[in-house]
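> Pasting a structure below so you can have a look.
Derivation of every value follows stated rules applied to the coordinates shown; laboratory data play no part. Small disclaimer: the values here were computed from a predicted structure and weren't measured. For neighbour counting, all protein chains shown are included, and Cβ atoms are generated from backbone atoms with ideal geometry for every residue, glycine included.
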Amino acid sequence: MARPYQPSLLRSLHGTTALLVLACSGSGLLVYSRYDGRWGRLPFEPGGDWIDLHGSVGVALWPLALLFALYSFTIGARRLRRPANAAALLALALAVGSGKLMQEDWLRQGQLHHLVYGLHLLAWLVISAAVLGHLAGVVGTGGIPLARSMFSLRHRPGDQPRDWLGQMKRQFTGGR
Ligand code: HEM
């Protein structure tokens, strides 16, 4: 069977989005444990300004998520028909959107009652479940080779970053 291959533009947008989502989830867990902890805490007290770091990763994530969503709705529309892919993108939108409405000082000041904060916590659970479902979907469809293809550094001829503009033009002019 042919080795699965993902277009390099998709791999770049998807790979960086996935890494930043991971960094946001991890730093978010530390923030939750230190400043909230209503449903349990980590067994250690995280030092450092994790709110600042979490916010900075979030600031990097949202424009990237926007570009990734644009890609998914246009060039990647065919893959987006898979429910597990669409669920991952929806969960990303919820997490990024509610995060943008958060204010840094709420947690520092012990204000845990804001609706937006509740939504952001919920988004964290939703994206964790959606990414697990997405991974199960990917492995269920194409096994480990398909999952690995998203993080492969291999480029086919004609699929280098300098070809991205041409690929987009072909997509939007229907291959003419
Ligand atoms: C962490 C957050 C993640 C989000 C938000 C996400 C989202 C998405 C979306 C929206 C698509 C469809 C892209 C398109 O329309 O062209 C997709 C495809 C894909 N993702 Fe993810 N993903 C994530 C993590 C991962 C991880 C960790 C892996 C693998 C280890 C992975 C492997 C794949 C693969 C192989 C495809 C192509 C599947 C297909 O052909 O249907 N994703 N992802």
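> Quick one: length gained pulling TRP39 to THR173 fully straight, 0.36 nm per residue minus the C-alpha distance?
43.0 nm
> Rounded to the nearest Å, what's the spacing between the alpha carbon centres of the range 10-30 and the range 141-176? Just the number, please.
A separation of 21 Å, based on Cα centres.
> Which value in deg cm²/dmol, rounded to the nearest 500, describes the helix-derived mean residue ellipticity at 222 nm for the chain, given -39,500 (n - 2.57) per DSSP H run of n ≥ 4 and division by the residue count?
It lands at -23500 deg cm²/dmol.
> Given a Förster distance of 25 Å, report the FRET efficiency between ALA136 and THR16 from their Cβ-Cβ distance, rounded to the nearest 0.05.
The pair ALA136/THR16 has a calculated efficiency of 0.65.
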